[in-house]
Each structure stands twice: as structure tokens, then as C-alpha cells.
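Undergrad: Structure in C-alpha cells, see below.
The values are calculated or read from the model by the stated rules, or taken from the named source; none is laboratory data. No experiment lies behind these values; they were computed from the predicted model shown. Note that we place each Cβ from the backbone using ideal geometry, even for glycine, and neighbour counts take in every protein chain shown. For accessibility, only protein heavy atoms count, side chains too; no ligands or nucleic acids. Shrake-Rupley method; radii C 1.70, N 1.55, O 1.52, S 1.80 Å.
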Amino acid sequence: MSGRPLLNRRLDGLGTTIFAEMSALALATGAINLGQGFPDTDGPEAIREAAVRALRDGRGNQYPPGMGVPELRTAIVDHQRRFYGLTFDPDTEVLVTAGATEAIAAAMLALLEPGDEVIAFEPFYDSYAASIAMAGGVRVPLTLRAPDFRPDLDALRAAVTPRTRLLLLNSPHNPTGMVLTSDELTAIAELAVERDLLVVTDEVYEHLVFDGEHTPLISLPGMRDRTVSISSAGKTFSFTGWKVGWVTASAPLVAAVRTSKQFLTYVASGPFQYAIAEALRLPDDYYTAFRDDLQTKRDLLADGLTAAGFEVYRPQGTYFITTDIAALGEKDALAFCRALPARCGVVAVPNSVFYDDPDAGRTQVRFAFCKKDDVLQEASGRLQQLAS
Ligand code: PMP
Ligand code: GLN
């Protein structure tokens, strides 16, 4: 074998995702896992049963259509109309993907030429860096800063160059919990139109907004034909393992994204697609109760973390709380998170790994609160030992 590294240069440095590292640590130590964002309670029983029924009835056990099963595409279209008043053609403007992760990767692979610049908020969800890199794009971070993590719109404007191809936006934002306001969305839309940019929006936490509301950027003037709107069932229905996601966009954008998507997985999650079609049609009560439940959990964990001495940045949305550990005399989030299971039996995620600028998030640590109340209480109690 030559001395050439096995991993290509585009992927060099991406290593193992922090979620896998921290969940493995939780498993090895038996610590409470507030790291990786998955709920410890499955979604609605009726939806689990719908998946079982689909599997037993032989629906989706063989390759479903490349665009997704018609029942799900129609349910996605109806969801977009019901919550946002948006209209899409289920045959040409919807694409079902293997979670939002595949949708993001497929969008980058489809829309970028090598060297194209992509502006994304940092801290960013870690698959963004990988997807942009795999497509040969150049990531241009726009740093969100504590305590509010609001985007600096002047800095955004200044970051656009002739090489900027697209904005990759996430609101509600993981890990900070920031939710873009209507003024911010308007400014971003105006900039995209003025500079003729595409925008890919990651909206997987669309139903987890506690303060403010979620407005899809694609609904703003001038955005319908330049936005690839991405969401997923994992968070909204608490079935993160089913990996059912989707794209809604104009027919030419969907056709572009489908071109790369069909050579990644072609299709995935056959029987689950039928179950998620039913989930999307759950009454408004489901969505409201889900959000209210998570809001209570947010407040429970925020109070626990405050009592434990963390500086807490209360999120407007998502199921994550970002904290600062400098208040505890700590200097390094990654070292802190690696030591935390042994110190007090809790796993968290260091936000520092989601930044290009190593100083920007050096003492930020994220905790997931999509867990049972007694688990959150127990974790809070354990974390309070840190100060003693
Ligand atoms: N985007 C963000 C911001 C996320 O937090 C996640 C994790 N759920 C994803 C995308 C990936 O979603 P999925 O599991 O549907 O691939
Ligand atoms: N989205 C989840 C999180 O932010 C993790 C998903 C994953 O492990 N890839 O924690």
C-alpha cells in the first residue's frame, strides 16, 4: 500500500460524530444520556401500530417509489397547507428522503460545484460540514453568539461573495435553540433575492417552538423558487430511528435533489413511510400537547442546570439547552463532557465541536431534555454535585 491516506482530503478531520462518541460513553458508563438528541419514550402507539400494519400488509416491504409513497407525499402536502398555508404538487414538488440528513447531503451534492461557498450559522449541526465537504463546497460560518445567538445580519450580508451559492439555514436552531424572527427571515429573504442565492432550510424542529413561532422561509416573497425546505418525522413524532424525512420545493429544485438522492439510498423506510403519512394527519391536539410537554421539560431542566451552577441560555425552540460552564470554573467543553460521566453520571455534548472558531464555543455544553421527567430530575440532582 502506498503511504497515501485512506480517507480522502475532503473528509479528513471529520472523524467520528460527537453524538456517536458521547452515546458510546453513556453506554459504557451507564450514565444518563442527555447528549444525543433522541427521546427516551417512543411516539404515539397508534403510529407504531400503523407501521406494524403496513409491514404485515406488505406495504413498503419492497422498494417504494423513488419520490416516496403517494400516501406520504400527499400527507406532507396537506401538512404544509394546514400549518403554513403553502401549496405543493405531491407529484413534482415533494421528495421523501432517509431523514433530513440525506436530504441535506443530497441537496449539497446536487446544487454545489466544487469551490462554491455555503454560508451556515455556527455552531452548526455536524452533518452540514460533512455534506458541504463531500460536495466539494466551501463552508463559510456565520457565528451566533451568546446569550441570544441572534444572527448578525450585517455580517451575513458581508459574508456573501460572488462565489456564494447558497445559504444553509437551521431554525429552530440546533444546538442554541434560537428561532429566527419574522424581521430576520424578511432580511434573509431580501438578501437571497438581491444576490440571487439558493437557500436550503433545515426545519426538523418546526413543531418545537416555545417562544415565537416557526415560519418557513419558503413562504416569504421571492423564496418559493429558490428554497429547498427540509424537515423530518424523527423529532416531531419521536421516531428518530425510522429516518423518514422530506424535501418540499419547486419542481426543478426537487428534480435536482432527487438526481443525487436516488444514488445515495434510492429509497428507504418503506413501511414507515405509510405510518408517518398517518402521523402527519394527527389532530392539532397532538402537536400542541407535544410542544407543551417539551416546554415543561425545558423549564424543568433549565431550572436544574441553573441550580447546578451552569449559565443557562433558555432555548426558544428545539429540545436542547445550551449552557456555559465557565461559571463552574471550567475551561474546555470537550474535556468537561468526556469527564462528566465519571464525575457525576451524566452525558452531555460539547458545542465547541460545532464551531470552526475554536474560541467561540469553548465553554459551551448542550443538554437534551427530550427525556422522562424523573430522568431530568435525577440528572439535575447529579449535576448539582459538581459544585460541591
Ligand atoms: N438537522 C438537525 C438540526 C438535527 O438536529 C438533526 C437530528 N435529528 C437532523 C438534521 C437529522 O435529522 P434526521 O434524523 O431526520 O436525519
Ligand atoms: N440530531 C441529533 C442531535 O443533535 C443527533 C442525530 C445524530 O446522532 N446524527 O443530537
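Undergrad: Which percent, to the nearest 5, of DSSP beta bridges fully inside the stretch 153-254 are antiparallel? Kindly include the intermediate steps, with their values, before the conclusion.
TA: Details: 4 of 13 bridges.
The antiparallel proportion sits near 30 percent.
Undergrad: Further question: Tell me which of LEU153, ALA46, MET108 sits at the most positive position along the dipole axis of the chain, charges placed on C-beta atoms (Lys, Arg +1; Asp, Glu -1).
TA: Checked the options; the winner is MET108.
Undergrad: Compute, for the stretch 244-388, the length of the dipole vector about the Cα centre, with Cβ point charges of +1 (Lys, Arg) and -1 (Asp, Glu) only. Units Debye, rounded to 20. Write down the numbers at each step before the final one.
TA: Working: 15 positive and 17 negative charges, 89 e Å.
It works out to roughly 420 debye.
Undergrad: Taking all pairs of distinct Cα atoms, average 1/r, flip it, and tell me the Kirkwood hydrodynamic radius of the stretch 155-238 in Å to one decimal place. Numbers along the way, then the final one.
TA: Details: mean 1/r = 0.0752 Å⁻¹.
Value: 13.3 Å, from the Cα pair sum.
Undergrad: Which distance in nm do the two modelled labels at LEU11 and ASP154 give, with both placed 7 Å along the Cα-to-Cβ direction?
TA: According to this spin-label approximation, the distance is 4.2 nm.
Undergrad: Please list, short to long, the whole-number percent of alpha-carbon pairs of the stretch 104-167 in consecutive 10 angstrom bins beginning at zero.
TA: Spelled out per bin, shortest first, that is 23, 51, 24, 2.
Undergrad: How big is the Rg/Rh ratio for the chain, C-alpha atoms only, Rh by Kirkwood, two decimals? Can you show the working numbers first?
TA: On the way: Rg = 20.5 Å, Rh = 21.4 Å.
Using Cα coordinates only, the ratio equals 0.96.
Undergrad: Along the positive direction of the dipole of the chain (beta-carbon charges: Lys, Arg +1; Asp, Glu -1; about the Cα centre), which of ALA120, ALA360, LEU95 reaches farthest?
TA: Towards the positive end, the residue furthest out is LEU95.
Undergrad: Which shape class, rounded, prolate or oblate, goes with the stretch 68-149 when its Cα gyration tensor gives a ≥ b ≥ c as root eigenvalues, a/c under 1.5 marks rounded, and past that a/b bigger than b/c marks prolate? Walk me through the numbers on the way to the answer.
TA: Values: a/c = 2.70, a/b = 1.57, b/c = 1.72.
Because a/c hits 1.5 or more and a/b fails to exceed b/c, the stretch 68-149 counts as oblate.
Undergrad: Would you kindly derive the ³J(HN,Hα) couplings of the stretch 265-277 from the backbone phi angles with the Karplus curve 6.51 cos²θ - 1.76 cosθ + 1.60 (θ = phi - 60°), listing them in order in whole Hz, with x for Gly and Pro?
TA: These are the phi-based 3J(HN,Hα) values: 10, 6, 9, 8, 6, x, x, 5, 4, 5, 5, 5, 4 Hz.
Undergrad: About the Cα centre of the chain, how large is the charge dipole given +1 on each Lys and Arg Cβ and -1 on each Asp and Glu Cβ? Please answer in debye to the nearest 20.
TA: Details: 36 positive and 49 negative charges, 211 e Å.
Around 1020 debye, computed over the chain.
Undergrad: Per residue, how big is the convex hull of the stretch 234-292 when only Cα atoms are used? Give it in Å³. Before the final figure, lay out the partial values.
TA: Working: hull volume 5.9 nm³, N = 59.
Cα convex hull per residue, to the nearest whole number: 99 Å³.
Undergrad: If you don't mind, another one. Roughly how big is the stretch 307-378's charge dipole about its Cα centre, with Cβ charges of +1 (Lys, Arg) and -1 (Asp, Glu), in debye to the nearest 20?
TA: With only Lys, Arg, Asp and Glu charged at Cβ, the dipole is about 180 debye.
Undergrad: Report the one residue of PHE210, LEU220, LEU167 whose Cα lies farthest in the direction of the positive end of the charge dipole of the stretch 104-245 (charges on C-beta: Lys and Arg +1, Asp and Glu -1; origin at the Cα centre).
TA: Working it through, the farthest residue towards the positive pole turns out to be LEU167.
Undergrad: For ALA31, enumerate residues with amide H under 5 Å from its amide H, sequence gap 5+ or separate chain, H modeled in the peptide plane.
TA: Amide H neighbours of ALA31, under 5 Å, 5+ apart: none.
Undergrad: Which length gain, in nm to one decimal place, applies between ALA327 and ALA24 when the Cα-Cα distance is subtracted from 0.36 nm times their residue separation? Mind dumping the intermediate values first?
TA: On the way: separation 303, 0.36 × 303 = 109.08 nm, distance 2.75 nm.
Gain on stretching ALA327 to ALA24: 106.3 nm.
Undergrad: OK, next. If one computes the Cα centroid of the stretch 339-377 and of the stretch 55-89, what distance in Å separates the two points?
TA: Cα centroid of the stretch 339-377 versus Cα centroid of the stretch 55-89: 35 Å apart.
Undergrad: Enter the accessible area of GLU213 (Å², nearest 10), with the probe set to 1.4 Å and all protein chains included.
TA: GLU213 has an accessible surface of roughly 130 Å² with all protein chains in place.
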